[in-house]
Amino acid sequence: MQGPLENLEQWDDFVQQRYDPNRKTEDFRDYRNTTPGVREFYRLNHTLQTYDFAVAKKKQYCGLSKTSMSIWEALEYLNTLVDDSDPDTDLSQIEHNLQTAEAIRRDGHPEWMQLAGLVHDLGKVLWLWGEPQWAVVGDTFPTGCAYSDKIVFHEFFADNPDTKRPDFQTKLGIYEEHGGLNQVEMSWGHDEYFYHVAKEYLPEPALYMLRYHSFYPAHREGAYDYLMNDHDREMFQWVKTFNPYDLYSKSASKPNPVELRPYYQKLIDKYFPSQVAL
Ligand SMILES: [Fe+2]
Ligand SMILES: [Fe+2]
């Protein structure tokens, strides 16, 4: 796999370590032991994710004219994302999505939330289409306004060309205070992309989970409250409820896609058409 990360999960693993409930608070902002690959990944992400880049990628992909396939086909397609992970310990993409869904199901959450778990990382197909790692995964953040110092490896923003655009570097930048996240151009990646794929089909709390699950600066660090309106705040309770299933469902046993498919196929058919535009 090309790029500084050995595989896309290396970013997920880093986030998981950062928010490990057993992590000592004094270690919390100490990233000195981060592997060079992960650091380099963030350097690229923070340097290259500009407002113009986010707008351009949205234009390129969110017309959903690239291809179409069923949700299950998309899960299997994502699984062709072969990487160097250890096959004995690491989960495949389909397993991570299923495991997230299964953990949500076990806790008795509604079907639409189970389905959100099942599809939450499907946007990573961007990587299969040749997008670089830094434009597929990574903590997301608003572009077009000042970068919160709550964003991990904040120092790497110094080389982002948007720091030279004074209109982008005030607290609110080009946005209105409490104008709502929907007005905000987020950094580009699998979250924003798959939100656009699913937005006609899933209930709103599920869409917030898809769109903002990597927005750690907000849902974990409380940053950017001044961009949110009351509705965003209400919906972010769902994003926060979802996050532990994404982060901490990994240690349980591996789900079996063949056994689980009939159950999830029913859920998929309830909400999505047989072919979904990607
Ligand atoms: Fe994700
Ligand atoms: Fe995930």
*Remind me, what semi-axes does region 9-277 give for its equivalent ellipsoid, largest first in whole Å, using sqrt of 5 times each Cα gyration tensor eigenvalue?*
28, 22, 19
*Run the dipole for the chain about the Cα centre, Lys and Arg Cβ at +1, Asp and Glu Cβ at -1, nothing else charged, and hand back the magnitude in debye, nearest 20.*
320 debye
*Candidates E221, E259, E40: whichever shows maximal mean-square fluctuation once the chain is modelled as a Gaussian network with Cα springs under 10 Å*: E259
*Could you give the angle, 0 to 90 degrees to the nearest 10, between helix 93-106's Cα long axis and the longest principal axis of the Cα atoms of the chain?*
80 degrees
*If you build a Gaussian network model of the chain, linking Cα atoms that sit under 10 Å apart, which residue out of D162, D232, D149 swings the most?*
D149
*Could you work out how far helix 230-248 tilts from the main Cα principal axis of the chain, as a 0 to 90 degree angle to the nearest 10?*
60 degrees
*Summed side-chain charge close to R233 - residues other than R233 whose Cβ falls under 12 Å, Lys, Arg +1, Asp, Glu -1*: -3
*Angle between the chain longest axis and helix 257-271 axis [Cα atoms, degrees, rounded to 10]*: 70 degrees
*How large is the helix-only mean residue ellipticity at 222 nm for the chain, computed as the sum of -39500 (n - 2.57) over DSSP H runs with n ≥ 4, divided by its residue count, in deg cm²/dmol to the nearest 500?*
-13500 deg cm²/dmol
*Treating cross-link reach as a plain straight distance, find the lysines whose alpha-carbon is under 30 Å from the alpha-carbon of K250, omitting any fewer than eight places away in the same chain.*
K24, K124, K150, K199, K240, K266, K270
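Here, each number is a calculation from the coordinates, and none is a lab measurement. Note that the structure is predicted; figures quoted are calculated from it, not measured. Using ideal geometry, Cβ is built from the backbone for each residue, glycine included, and neighbour counts are taken over all protein chains shown.
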